[in-house]
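This report concerns only the one structure given below.
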Amino acid sequence: MLFNLDKKITEAIDDAASKSLWLYHINAGSCNGCDIEIVAALTPRYDAERLGCKLTGSPRQADIVLVSGPVTLQSRDRLIRTLAQVPEPYCLVTVGSCPCSGNVFKGSYAICGPVDKYRHVDVSVAGCTPKPEAIMAGIAQAAAILKEKRRGMHE
Amino acid sequence: MAKLPYLGTALTNLFRKPVTIAFPAGEAPAAQPAYRGRIAFDASKCINCGMCERVCAPSCMTRVAKPLEGGEPGDQEITFTFDMTSCTFCGMCADFCAKKAITLTEDYMMTGIIAEDFLVTGKVIKKAPPKPKFTPEQLAAMKAAAEAKKKAAEAAKAAAQQA
């Protein structure tokens, strides 16, 4: 095409998309501690919305998926089903110790974690609970990974 | 001013600094004092009592012992590994550590891509206890010899009294 116009348009779309990250939050049996901190990261004091983040209600609109909780028996199938609905490319971020290891619940009959048994985890944020700044750092790291993923899809 | 009740607040807000922390752009703010963050392990203070492992609710630490290379037989190299993705940051390990080898730092920025980003490790060298001077057989033989000597002395004493 003339002057590589199609490539330039794709680049411009990618650039715009990297500044508009829609978050989707899945609670896989969390105690609500990490959920509160995710919401706190969106408040004016920490303001993840500066990075273009917006909490969305549908997995089909998500760019970054935040998972909290140790993946309970009841939430396992729902987690897998919800993650299957997220369009590629997306970034999976685990918030807190629970989705990484099971934390104090590990070894329980009702825990099917960690999350990386089911899906590739891009970024983990450790802490019980992590501070909103740490969640922000995780989101920023995920944004960089997502940009690479998007570039890789076009090549 | 009764018609414009918020004018004062609105005007002062124009000249106030934003409350938003500049973090991903600037430096991360420090945590409050006594915040319980990433574990720091000082292996030189550790005496390998294993108390931290006992009190840890999520059992986030592992202890692996292997023979020390280039050491005397029986010497062990013990590797402590604290997994920060498994920790609840309750601080029990630090409270129970008799030698204060474990401390919880104020570093809360724990994000990573691979599991190794979250591990805190330390190596402790455990020396084998000193060897005893005599073996049990040698000790038994020495005891028997001492008793025989005592008996002989008593027999000689009795013979001298009779004579």
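How many residues does region A:44-64 contain that are within 21 Å of residue B:24 (Cα to Cα), in contact (Cβ under 8 Å) with a residue 12 or more places away in the chain and not basic (Lys, Arg)?
8
If residue B:34 satisfies all but one of (1) open to solvent by 30 Å² or more (accessible area, probe 1.4 Å); (2) at negative phi; (3) more than 14 Å from chain A (Cβ to nearest Cβ), what's the number of the condition it fails?
Of the numbered conditions (1) open to solvent by 30 Å² or more (accessible area, probe 1.4 Å); (2) at negative phi; (3) more than 14 Å from chain A (Cβ to nearest Cβ), the odd one out for residue B:34 is (2).
Yes or no, residue by residue, for (1) within 9 Å of another protein chain (Cβ to nearest Cβ); (2) open to solvent by less than 30 Å² (accessible area, probe 1.4 Å):
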position	(1), (2)
A:53	no, yes
A:77	no, no
A:102	yes, yes
A:147	no, no
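With respect to the numbered conditions (1) in contact with a Phe, Trp or Tyr (Cβ under 8 Å, 6 or more places away or on another chain); (2) under 30 Å from residue B:27 (Cβ atoms); (3) among the charged types (D, E, K, R), which one is the sole condition not fulfilled by residue B:107?
Answer for residue B:107: the failing condition is (1).
Within region A:107-126, restricting attention to residues that are closer than 19 Å to residue A:141 by Cβ and either basic (Lys, Arg) or not in a loop (DSSP other than H, G, I, E, B) (or both), which residue is most open to solvent (accessible area, probe 1.4 Å)?
Filtering first and then ranking leaves A:116.
I'm trying to understand the selection: among the residues of region A:102-120, which are among the small types (Gly, Ala, Ser) and modelled with pLDDT under 90?
Result: A:102, A:107, A:113.
Are any residues in region A:81-106 part of a loop (DSSP other than H, G, I, E, B) and farther than 16 Å from residue A:30 by Cα, and if so, which ones?
A:85, A:86, A:87, A:88, A:89, A:90
Please specify each residue of region A:133-143 satisfying the condition of being more than 7 Å from chain B (Cβ to nearest Cβ) and either at pLDDT below 90 or surrounded by fewer than 23 Cβ atoms within 10 Å (Cβ to Cβ) (or both).
Scanning region A:133-143 gives a single hit, A:143.
Please go through region A:82-100 and pick out each residue that is open to solvent by less than 50 Å² (accessible area, probe 1.4 Å), free of Cβ contacts under 8 Å to residues at least 40 places away in the same chain and more than 11 Å from residue A:66 (Cα to Cα).
A:97, A:100
Please find, among A:71, A:39, the residue that is of a type in the set (Val, Ile, Thr) and open to solvent by less than 10 Å² (accessible area, probe 1.4 Å).
A:71
Looking only at region B:37-67, filter to residues that are away from chain A (no Cβ under 14 Å) and open to solvent by less than 40 Å² (accessible area, probe 1.4 Å); which one of those is nearest to residue A:94 (Cα to Cα)?
In this case the residue turns out to be B:40.
Examine region A:29-48 for a residue that is assigned to a strand (DSSP E or B), more than 14 Å from every other protein chain (Cβ to nearest Cβ) and either closer than 14 Å to residue A:94 by Cα or modelled with pLDDT under 90 (or both), and state whether such a residue exists.
no
Can you report the number of residues in region B:70-126 which are assigned to a loop (DSSP other than H, G, I, E, B), touching a residue at least 12 places away in the same chain (Cβ under 8 Å), within 9 Å of chain A (Cβ to nearest Cβ) and open to solvent by 20 Å² or more (accessible area, probe 1.4 Å)?
Going through region B:70-126 one residue at a time, the tally reaches 3.
Can you tell me how many residues within region B:9-51 are closer than 19 Å to residue A:127 by Cα and outside any loop (DSSP other than H, G, I, E, B)? Can you show your working first?
Of the residues in region B:9-51, the ones closer than 19 Å to residue A:127 by Cα are B:23-24, B:28-41.
Narrowing further to those that are outside any loop (DSSP other than H, G, I, E, B): B:39-41.
Of the residues in that region, 3 qualify.
The values are calculated or read from the model by the stated rules, or taken from the named source; none is laboratory data. Please read these numbers as outputs of a predicted model, since none were measured by experiment. Because the Cβ atoms are built from the backbone with ideal geometry, glycine has one as well, and the counts that use them run over all protein chains shown. Accessible surface areas use protein heavy atoms only, side chains included; no ligands, DNA or RNA. Shrake-Rupley method; radii C 1.70, N 1.55, O 1.52, S 1.80 Å.
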